[in-house]
Amino acid sequence: MSLMSFGDKSLDLSLPHVMGILNVTPDSFSDGGVFHSLDAALRQSEKMIVEGASIIDVGGESTRPGAVPVSIQQEMDRVLPVIEAIKKRFDIIVSVDTSTTQVIREAARLGAGLINDVRALERDGALQAVAETVLPVCLMHMKGVPQTMQQQPDYGSVVDDVMQYLLSRVVECERVGIDRSRLILDPGIGFGKTLSHNLSLLNRTSQFKEMGFEVLIGLSRKTMIGDVLNLPVDERLYGTMGANASAYSKGARLFRVHDVRPHVEMLALMSRIEREI
Ligand code: 7PM
């Protein structure tokens, strides 16, 4: 057993867990007004819960390469009502995919159980906002900013550079009173990385684990899968599952995915086999 507390619930991170992706950006729920999008978000959440997700990751700021930044108010309006509605309806851990201090504070107040920050709490006030909660936080590595991060990313040694960056963020967390036991590390697949960088990071997943941290991997349907298989985004499930199975065998225990049921079933077998003597 390796329990981590996520607000009102805990997870045993000796076992794998699926985090289902819930995008609440306007491009994900075509514009039919507030009620329509809230209803669609709740239905998608229920589906992912029935399929076995342990966490629903709610995100309102598109971090895709080339995306335009959204205002704080826009992000609040998108994300907070959804978090509130999910926590009211379902017994599930809600994660908030945000870098914004005000969103961190309000999401925690509404019952979010995990802060998932692709900027590893680098924005002004974000460290302090998390320090004022008891919640765990996922620190992700990104090189550059979403608009330009895929323009010739380069590293000395990608694994060492990403590790060094994440450890520097761990130090900053501890400085403000966020204990190590609350930290989850994520190499940030696709965030300022070439195919070769992504493959190296996945190959070395165990190095992050060996530093004593839980590891989260988010590679669902990403370009790296398409690059290896030469397939469009809607045909990347099998490749996604292969890469996640590899990450599991190297120690990752949290998997951020679109396709919950296939991953829950794959990981159930991976974990049963690993535990059989
Ligand atoms: C459009 C394209 C929208 C790509 C969103 C994305 C990660 C994450 C994202 C990840 C963690 C996606 C990305 N990716 N959080 N948020 N780790 N912790 O492909 O890899 O889902 S957004």
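The values are calculated or read from the model by the stated rules, or taken from the named source; none is laboratory data. Fair warning: this is a prediction, and the values are worked out from it, not measured in the lab. Positions of Cβ are generated from backbone atoms using ideal geometry, with glycine treated the same way; all protein chains shown enter the neighbour counts.
Considering only the range 245-264, state which residues are basic (Lys, Arg) and part of a strand (DSSP E or B).
Here is the first cut: in the range 245-264, the residues basic (Lys, Arg) are 250, 253, 256, 261.
The one that is basic (Lys, Arg) and part of a strand (DSSP E or B): Arg256.
Looking for something within 14 Å of the ligand (Cβ to nearest atom) and on the phi > 0 side of the Ramachandran plot - is there at least one such residue anywhere in the range 100-122?
Yes, because at least one residue in the range 100-122 is within 14 Å of the ligand (Cβ to nearest atom) and on the phi > 0 side of the Ramachandran plot.
Among the residues of the range 162-178, which ones are over 20 Å from Asp97 (Cα atoms) and outside any helix (DSSP H, G or I)?
Across the range 162-178, the qualifying residues are Val176, Gly177.
Look through the range 129-141, keep the residues that are touching a helix residue (DSSP H, G or I) at 6+ places or on another chain (Cβ under 8 Å) and assigned to a strand (DSSP E or B), and return whichever of them is surrounded by the most Cβ atoms within 10 Å (Cβ to Cβ).
Filtering first and then ranking leaves Leu139.
Enumerate the pairs (first residue in the range 187-210 and farther than 22 Å from Gly144 by Cα; second residue anywhere and within 12 Å of the ligand (Cβ to nearest atom) and at pLDDT 95 or above) with beta-carbon separation below 8 Å, excluding pairs fewer than 6 apart on the same chain, so at least 6 apart or on different chains.
Lys209/Val215; Lys209/Ala252
Identify, please: which residue in the range 102-128 is assigned to a helix (DSSP H, G or I) and of a type outside the set (D, E, K, R) and is, among those, nearest to Val170 (Cα to Cα)?
Here the answer is Leu127.
Kindly list the number of the only condition in (1) under 17 Å from Leu121 (Cβ atoms); (2) out of contact with any Phe, Trp or Tyr (no Cβ under 6 Å at 6 or more places or on another chain) that fails for Leu185.
If we test Leu185 against (1) under 17 Å from Leu121 (Cβ atoms); (2) out of contact with any Phe, Trp or Tyr (no Cβ under 6 Å at 6 or more places or on another chain), just (2) comes out false.
Could you list, in sequence order, all residues of the range 82-91 that are farther than 14 Å from Arg43 by Cα and surrounded by fewer than 17 Cβ atoms within 10 Å (Cβ to Cβ)? Show your work before the answer.
The initial filter retains those residues of the range 82-91 that are farther than 14 Å from Arg43 by Cα, namely 84, 91.
Answer for the range 82-91, where residues must be farther than 14 Å from Arg43 by Cα and surrounded by fewer than 17 Cβ atoms within 10 Å (Cβ to Cβ): just Asp91.
For the range 109-128, give me each residue that is under 20 Å from Gly192 (Cβ atoms) and surrounded by 18 or more Cβ atoms within 10 Å (Cβ to Cβ).
Asn116, Asp117, Val118, Arg119, Ala120, Leu121, Ala126
Can you pull out every residue in the range 218-264 that is over 18 Å from Asn203 (Cβ atoms), without any contact (Cβ under 8 Å) to a residue 40 or more places away in the chain and not polar (S, T, N, Q)?
Listed by number, the residues that qualify are Arg221, Gly226, Leu231, Pro232, Val233, Asp234, Glu235, Arg236, Leu237, Tyr238, Asp259, Pro262.
Checking the conditions here, which among Gly125, Gly111, Gly156 is of a type outside the set (A, V, I, L, M) and touching a Ser or Thr at 6+ places or on another chain (Cβ under 7 Å)?
Gly125
Return the residue satisfying two criteria in turn: it lies in the range 177-227 and is away from the ligand (no atom under 16 Å from the Cβ) and hydrophobic (A, V, I, L, M, F, W, C), and of such residues it is modelled with the lowest pLDDT.
Only one residue tops the list, namely Met211.
On the given criteria, is Gln150 in a loop (DSSP other than H, G, I, E, B) and either more than 16 Å from the ligand (Cβ to nearest atom) or surrounded by fewer than 20 Cβ atoms within 10 Å (Cβ to Cβ) (or both)?
Taking the combined requirement at face value, the residue satisfies it.
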